[in-house]
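The values are calculated or read from the model by the stated rules, or taken from the named source; none is laboratory data. None of these values were measured; they are calculated from a predicted model. Reconstructed Cβ throughout: ideal geometry from the backbone, glycine too, with neighbour counts over all protein chains shown.
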Amino acid sequence: MIRIAISFLLIGAALGGVLYGTLGLQGKLSRKPPMELFPDMDRQAKLRPQEPNHFFANGVSSQLPPDGTIARSQPIETVNGEVYRFEDSPVNTGKISGTTNFVETNPLVVNLELIQRGRERFDIYCAPCHGKLGDGNGITKKLGVMPSVANLHDARIIKLADGEIFNTITHGKGTMGAAGPLVATEDRWSIIAYLRALQLSRLGTVDDLTPEQQAALKK
């Protein structure tokens, strides 16, 4: 038994010495290069942009897309033309390009179609907390899940720039989660368009109507 125990101790000491010699002292400085157990992790076989590469006929690593390639995304139509989702543009950030200032008005063309789309998205993503009227009395508040929900008709929110509302929808605020990963860029702006219509329907007056519309009310 003693011989077996001694044998195990000798084997353990030998293995420990091998590990120590292989791995070395962690955190210690040394002029010797470390042993690479998996060198392919440090030295990957890959193509670097703009470097020569003899694999392709033209000898370069950065290749143009093949003819007929279709873009994965379509541009967004704005009042100032088409904008792609990767561009530093107010439609993607809610801010004036190159600044931290929010844009005042919706960059999309606000029409009946956009407002109707906004109503659909609002009822799906916003109404559970803010209520279909936007007054903060959604089902989550009634069930006590979120006892404090913003009333979207408060003067503070009405005065917010459209870009700031877009930023809040995108990144969330307080107990409100970020909807950016869930709601497409155009849909976030459509929600804002519908919200403005919802606020106007609640806080608007007869004086906001055109003379023709006021005359129609009197009939």
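Yes or no, residue by residue, for (1) at pLDDT below 95; (2) touching a strand residue (DSSP E or B) at 6+ places or on another chain (Cβ under 9 Å); (3) not charged (D, E, K, R):
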{"site": "Asn101", "(1), (2), (3)": "no, yes, yes"}
{"site": "Leu108", "(1), (2), (3)": "no, yes, yes"}
{"site": "Ile115", "(1), (2), (3)": "no, no, yes"}
{"site": "Asn137", "(1), (2), (3)": "yes, no, yes"}
{"site": "Ala150", "(1), (2), (3)": "yes, yes, yes"}
{"site": "Ala161", "(1), (2), (3)": "no, yes, yes"}
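Cβ-Cβ distances below 7 Å connect the following pairs, each with a first residue in the range 185-197 that is within 15 Å of Val83 (Cα to Cα), a second residue that is of a type in the set (S, T, N, Q), and a separation of six or more residues or different chains: Thr185/Asn92; Trp189/Asn106.
Only one of the listed residues (Pro181, Pro211) is exposed (fewer than 12 other Cβ atoms within 10 Å of the Cβ) and within 22 Å of Arg121 (Cα to Cα). That residue is Pro181. Taken together, Thr140, Thr105 contain a single residue that is in contact with a helix residue (DSSP H, G or I) (Cβ under 7 Å, 6 or more places away or on another chain), β-branched (Val, Ile, Thr), part of a helix (DSSP H, G or I) and surrounded by fewer than 19 Cβ atoms within 10 Å (Cβ to Cβ), which is Thr140.
When the residues of the range 143-163 are filtered to those that are buried (at least 18 other Cβ atoms within 10 Å of the Cβ) and not in a loop (DSSP other than H, G, I, E, B), the one that is nearest to the chain's Cα centre (by Cα) is Gly163. Could you tell me which residue of the range 42-86 is nearest to Thr105 (Cα to Cα), considering only residues that are among the charged types (D, E, K, R) and free of Cβ contacts under 8 Å to residues at least 24 places away in the same chain? Applying the filter and picking the extreme gives Glu82. Set side by side, the residues Ile70, Ile96 differ, and just one is among the β-branched types (Val, Ile, Thr) and either modelled with pLDDT of 90 or more or surrounded by 17 or more Cβ atoms within 10 Å (Cβ to Cβ) (or both), which is Ile96.
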